[in-house]
Amino acid sequence: FQANKRKALQELLHKVRRTATGKLHSAVSKGDASGVVKALLDGADVCYRGGSGRTALDEAKFVLANVECDMKAANSFWRAQLLRKKNGLMEVILELEKHIRNLVFTVVQRGSRKELQQLHSISPNSLGPVEGDPLGLVGHLAVSQDNAEVLDYLVRADTMKPVLMSAAVGPNAAALEMCNNQGNCPYKLAEEYGHTQVADYIAGVLSVKLAEAVKCGQTW
């Protein structure tokens with residue numbers, strides 16, 4: 001009986017999420033930011049790709065590009081209509097990126113590299129720096145999970161597709177050497193929380209960097 005009850009609940013949740021995802025894509029195409037927020041709250045799947053093969057974020061950017069193109073040839077009346085839609089789409093994009101960013105924090109805390117990789121693939125900037133927190137996602141991981149595999153992905157993601165194109169070192173790799181306002185670095189935090197795998201990974205990376213600096217006669 002319990003197994004059947006669980007199965008029925010899972011099917012209901014799947015149906016609710018599927019419905020919310022459909023509403024999400026519909027709201028995106030209209031540039032309806034409030035509709036997008038509601039669909040996300042209802043559990044819409046931001047990783048789902050519709051018939052066009054695009055995620056909701058991809059679709060929003062695609063529609064925005066088309067609207068901006070149409071504005072160039074539109075008369076004053078239609079340009080005003082399109083401008084409203086453009087503003088709506090820009091708000092939609094902000095809401096989607098904020099939601100994905102929040103999901104990234106949840107996934108890092110849960111320690112799922114597969115989910116992190118999926119979210120990163122649909123929103124490359126989702127692994128970027130955290131305003132006001134120099135340790136960012138690396139610091140969040142150091143205190144929440146003893147998962148060196150996820151940390152390795154965060155650090156390597158900076159190299160695979162730099163979040164800050166002008167930076168020589170991405171924010172996650174740089175965070176390994178930083179301290180927060182309390183003077184705590186990721187290595188120290190990992191040790192305090194008993195996350196030995198994360199601490200060992202950080203120690204290994206910093207050891208390599210120190211050896212390279214000594215070899216090149218640099219101060220580090």
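The values are calculated or read from the model by the stated rules, or taken from the named source; none is laboratory data. What you see is a predicted model, and the numbers here were worked out from it, not measured in a lab. Here the Cβ is made from the backbone with ideal geometry for all residues, glycine too, and neighbour counts use every protein chain on show. We work out accessible area using only protein heavy atoms, side chains counted, and drop any ligands, DNA or RNA first. Shrake-Rupley method; radii C 1.70, N 1.55, O 1.52, S 1.80 Å.
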Requested in this report: Kindly list the number of the only condition in (1) in contact with an Asp or Glu (Cβ under 8 Å, 6 or more places away or on another chain); (2) within 24 Å of Leu189 (Cβ to Cβ); (3) not aliphatic (A, V, I, L, M) that fails for His140.
Outcome: (1)
Query raised in the report: Mind checking whether some residue in the stretch 104-117 is closer than 30 Å to Asn180 by Cα, in contact (Cβ under 8 Å) with a residue 40 or more places away in the chain and either surrounded by 15 or more Cβ atoms within 10 Å (Cβ to Cβ) or among the small types (Gly, Ala, Ser) (or both)?
Result: yes
**Report entry** Condition broken by Ala65, with the remaining ones in (1) over 18 Å from the mean Cα position of the chain (by Cα); (2) more than 26 Å from Thr21 (Cβ to Cβ); (3) open to solvent by 50 Å² or more (accessible area, probe 1.4 Å) satisfied
**Finding:** (2)
Report summary line: Condition set open to solvent by 20 Å² or more (accessible area, probe 1.4 Å) and among the aliphatic types (A, V, I, L, M), scope the stretch 123-147, selection farthest from the chain's Cα centre (by Cα): answer is Val143
Query raised in the report: Quick check: is even one residue across the stretch 32-40 crowded, with 16+ Cβ neighbours inside 10 Å and not in a helix (DSSP H, G or I)?
Result: yes
Query raised in the report: Restricting to the stretch 15-68, what's the tally of residues that are farther than 21 Å from Leu119 by Cβ and among the acidic types (Asp, Glu)?
Result: 2
Query raised in the report: Is at least one residue of the stretch 16-24 outside any helix (DSSP H, G or I), over 20 Å from the mean Cα position of the chain (by Cα) and among the small types (Gly, Ala, Ser)?
Result: no
Query - Residues satisfying the stated conditions in the stretch 187-207, i.e. open to solvent by 80 Å² or more (accessible area, probe 1.4 Å) and assigned to a helix (DSSP H, G or I) - result: Lys188, Glu191, Glu192, Thr196, Gln197, Asp200
Query - Number of the exception - Lys86 against (1) modelled with pLDDT of 95 or more; (2) open to solvent by 90 Å² or more (accessible area, probe 1.4 Å); (3) among the basic types (Lys, Arg); (4) more than 16 Å from Leu119 (Cβ to Cβ) - result: (2)
